[in-house]
Amino acid sequence: MVYSYYPGCTLNTSAKELDKYARLSAEVLGFTLEEIPEWQCCGAVYPMGADEVVSKLPAIRALHYAKTQNRPLVTLCSACHHVLKRVNEDMRNNEELRKIVYAYDNDLEYTGETNVLHYLEVLRDYVGFDILQEKAANRLKGRKIGAYYGCMLLRPSSAMQFDDPENPKIFEDFIRAIGAEPVLYPYRNECCGGYISLREKKKAKEMTRKITDSALQRGANELITACPLCQYNVEKMQGNAVPIYYFTKFLAEALNIEEVLGD
């Protein structure tokens, strides 16, 4: 199976490992991530203004390209996934927006047809966690891992439709499939304060401390996330209170991928 793939800016810079491990794992699991050509930055923040059309165009172009290939569009970064999913819903439901977009670029005749998937959804719904469990040669037995969802994967739930925003389980099911023990803790789906960390460092530090304290109290030795901003913010604000990694690193370890085990 071939998927159109939108990596986004951060996966080409500070979050290269998130991208690298995902691509290597996809090869082992039998699917291909084909990077869309000439993609542009999604903006990382969903434009709330109804008349903010120009800032939505990069996402619309990516969605439109995937449509022309008759493929789902896969993302890894929580922010990219959030923007693409919500802009896709806008294009599906807002006729006035579609008219304005078409006026900007009459090649962008698009009405929200593309299925936007997070990489975790590919693992769950197309590969299957049962198949992943069979292929995980390097079982992570004994590892106690807490999933950190953050906020962008889950909310608003009406648009994202990713998992239950109050009691999600896809990350925990993933952790079980790679042979580790998932640790449930109260702050796993709360905001880390990433978008206020420059202006309100004290508040962001307090928010991340609640996350790491909560995970430690429930017995987590490590955290995993899909969000580069969350990974950076939790690590920077809390040091090594609880190590936080990209989920694709543990996926590649479980699949016994040599390039990762040697890192």
Kindly check whether there is at least one residue in region 54-65 that is within 16 Å of residue 26 (Cβ to Cβ), touching an Asp or Glu at 6+ places or on another chain (Cβ under 9 Å) and at pLDDT 95 or above. no
So residue 199, is it more than 26 Å from residue 173 (Cβ to Cβ), at pLDDT 95 or above and out of contact with any Pro (no Cβ under 7 Å at 6 or more places or on another chain): no
With the requirement that a residue be within 24 Å of residue 181 (Cβ to Cβ) and either touching a Leu at 6+ places or on another chain (Cβ under 9 Å) or part of a loop (DSSP other than H, G, I, E, B) (or both), what does region 192-208 give you? 192
Residue that is outside any helix (DSSP H, G or I), assigned by TED's automatic domain parsing to the domain that holds residue 27 and under 22 Å from residue 4 (Cα atoms), where the choices are 153, 108: 108
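Sort through 185, 149 and tell me the only one that's under 18 Å from residue 44 (Cβ atoms), modelled with pLDDT of 95 or more and of a type outside the set (Gly, Ala, Ser).
Just a single option satisfies the conditions, and that option is 149.
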Selected residue (only one of 104, 119 is among the aromatic types (Phe, Trp, Tyr) and over 22 Å from residue 32 (Cα atoms)): 104
What's the number of the condition residue 131 fails, among (1) in a helix (DSSP H, G or I); (2) touching a helix residue (DSSP H, G or I) at 6+ places or on another chain (Cβ under 7 Å); (3) not assigned by TED's automatic domain parsing to the domain that holds residue 33? (2)
Only helices (runs of 4 or more DSSP H) wholly contained in region 209-263 count here; list those with 1 or more residues that are touching a residue at least 12 places away in the same chain (Cβ under 8 Å) and of a type in the set (Ser, Thr, Tyr). 228-238, 247-254
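The values are calculated or read from the model by the stated rules, or taken from the named source; none is laboratory data. Keep in mind that what you see is a predicted model, and the values were worked out from it rather than measured. Virtual Cβ from ideal backbone geometry, glycine too; neighbours counted across all protein chains shown.
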